[in-house]
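Inspection log for the structure reproduced underneath, given as structure tokens.
Just so you know, all these numbers are worked out from the coordinates, no wet-lab data involved. Please read all numbers here as calculations on a predicted model, not as lab measurements. Because the Cβ atoms are built from the backbone with ideal geometry, glycine has one as well, and the counts that use them run over all protein chains shown.
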Amino acid sequence: MPSTNGRCGARRLTAPAALLAAALLMSGTPATAGTAFPAAATTSVLPANPYAGPRGSATMHGDTGSSDTTPLAGPGAGSLSGKLNGLLSACPTVLIGADDYPVALCTPILGQVPTVHLLDPHTGASLTSLQLTKGSLLGGVYAYIDHEDRLVVVDGSRSLLRIGHRRDAAGSWRLTVDSSLPLGSAVPADDAVTGLSPDWQGRVWFATGGGVVGTADDRTGTVRSVALPAGERIANSISTAPQGTAVTTTHATYLLTASTDGTPRISWRQAYDRGQARKPGLLSWGSGSTPTFFGPTDGTDYVTIVDNADATVRLKVYRTSTGETVCSVPVLLAADGPGSENSPVGADRSVYVAGTYGYPYPAVPEGAGASVPGSAPFAGGLSRVDVRADGSGCDLVWDNELRSAAVPKLSTADGKLHTVLRDPVIPGTKGTSLLDPYRYAQIDPATGEVLRSKLIGIGALYNTLQMAGTIAPDGAYLQGTVTGILRITAG
């Protein structure tokens, strides 16, 4: 096939692998039972952030660079089993601190008041909970665990909270607001924080739906901010690395740094093709990506997103130091689904993109606008792109039609992509229904083949709604659903 542009090589698709994956979708059996699973070719990871919790479980996307990788191994040998801990809530954020206790940020079906749950590390059951002030649909979704095992989140009152957990005198668990810093001086009353992440100086960076980017230092009470160009909205979270903070708006990707007083300043800006409108299966008119830091040197060489071009979306890779475009590669070709609401997975020189085009979200944020077309079948698709060793461009390594219903996580310990697949009721179709089966799956990052899978449930109660899973220190895979949290184990 021809080159995608002057700097990107020919597309190399593994048709036999895609056919095998399709067969596995129907059979649900391992691809190579009894053989060793291939390891992922990755050694470089983002430097540990001294103000965040453990790598792999401190943020929704694993680390502050949003690599969606983890140093922990997922469910290992033995029979796979899954248990749904019902909370009558959608739970997009499940994080784990150094004390191994999972903390989940959920939105109840009734009332939709954001609620923090402390979970039993052995069963996944809720030990205690704490309600937060209600805000917008995306406000309060993104949070992180800090270096003291506290959940850091901005609530509907536009206050930066640090929520700790501890036992009281009677031995019962409690969640408490340990500190609160108002952000009202930077966040307008009609706006809300959609993403936040700590930098290497201990400040908390935040971004709002209306396009405000700021820093907050709750040690001093200092809040500084800057407004990005009018009309640019921020619909996803942000990512931090030692070089700066990456922010993707509905028009462009930025790298920002802070002046000595904490005021954000733009280091570079790269516009992308945002298409003509919001697409079905995306939550905004523009890229659905939280920007991902990755690279072979120290895990921060590059920043990557997926654009929102009309006919075929492209993976955009930029040099972190300069913003120079390394490549622009078409992805999600086999599935013919031009769109991804998920953050790319990035490790070493490889990036993995899961498609969400047509995914039936029950609601979209206010102001998202109508999708064009109004609806579409869930196409799915999973692609791998590698940056060349000399940094001269990128190549599409494999591309298939797997329908991931969650943000995949790559374990650098067991060398597998972990996710949940949403299968159609009628094999070979792309439709969705209230009776769709959901399967936890382990995927070979070298080929895109499903190595192992397990049916975890049938029907709407098990809808993972493109939310991110988290691997716990004991190997359990914790996955939010629209009604609670799945705990998948092996043994």
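Rounding to the nearest 20 debye, state how big the charge dipole of the chain is about its Cα centre with +1 on each Lys and Arg Cβ and -1 on each Asp and Glu Cβ. Numbers along the way, then the final one.
Working: 36 positive and 39 negative charges, 95 e Å.
For this selection, approximately 460 debye.
Where Lys and Arg each count +1 and Asp and Glu each count -1, what net charge lies around His165 among other residues with Cβ under 13 Å from its Cβ?
Values: positive: Arg150, Arg162, Arg166, Arg167, Arg174; negative: Asp99, Asp100, Asp120, Asp146, Glu148, Asp149, Asp168, Asp178.
Residues near His165 contribute -3 overall.
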Calculate the spin-label point distance for Ile266 paired with Leu88, positioning each point 7 Å from the Cα along the beta-carbon direction, and give it in nanometres.
4.7 nm
What percent do you get for the relative contact order of the stretch 3-490 when only Cα pairs under 8 Å and 6+ apart count?
19 percent
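Most exposed first by the Cβ proxy, i.e. fewest other Cβ within 10 Å, how do Cys106, Cys91 rank? The partial results should precede the final answer.
On the way: Cys106 24, Cys91 27.
Taking fewest neighbouring Cβ atoms as first place, the list is Cys106, Cys91.
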When the charge dipole of the chain is computed with +1 at the Cβ of Lys and Arg and -1 at the Cβ of Asp and Glu, the Cα pointing farthest to the positive end, of Val313, Leu486, Thr133, is that of Val313
Want the number for Glu148 to Val177: 0.36 nm per residue separation, take away the alpha-carbon distance, what's left?
9.1 nm
Net charge near Val223, counting Lys/Arg +1 and Asp/Glu -1 over other residues with Cβ under 13 Å of its Cβ?
+1
How many nm separate the modelled label positions at Val425 and Ala311, each set 7 Å beyond the Cα in the direction of the Cβ?
3.5 nm
If you stretched the chain out fully between Ala363 and Val226, how much longer would it get, using 0.36 nm times the residue separation minus the C-alpha to C-alpha distance?
46.4 nm
Positive minus negative residues near Asn463 (Lys, Arg vs Asp, Glu; Cβ under 14 Å):
+1
Counting only the backbone N, which residues of the stretch 465-485 are under 17 Å from the spot 7 Å out from the Cα of Leu434 toward its beta-carbon?
482-483
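Using only DSSP helix segments of four residues or longer, with each worth -39500 (n - 2.57), what per-residue ellipticity at 222 nm results for the chain after dividing by its residue count and rounding to 500?
Details: 1 runs with 13 residues, N = 491.
Helices in the chain give a 222 nm mean residue ellipticity of -1000 deg cm²/dmol.
By count of other Cβ within 10 Å, fewest leading, how are Tyr352, Tyr357 ordered?
Values: Tyr352 28, Tyr357 25.
In increasing order of surrounding Cβ atoms, one gets Tyr357, Tyr352.
Expressed as a rounded percentage, what relative contact order does the stretch 307-355 have, with Cα pairs under 8 Å and six or more residues apart? Intermediate results must be reported in sequence, preceding the final value.
Values: 72 pairs, mean separation 14.7, N = 49.
Reported as a whole number, the value is 30 percent.
If neighbour count is taken as other Cβ atoms inside 10 Å, put Asp395, Asp120 in order from fewest to most. Before the final figure, lay out the partial values.
Numbers: Asp395 18, Asp120 14.
Sorted ascending by nearby Cβ count, the order is Asp120, Asp395.
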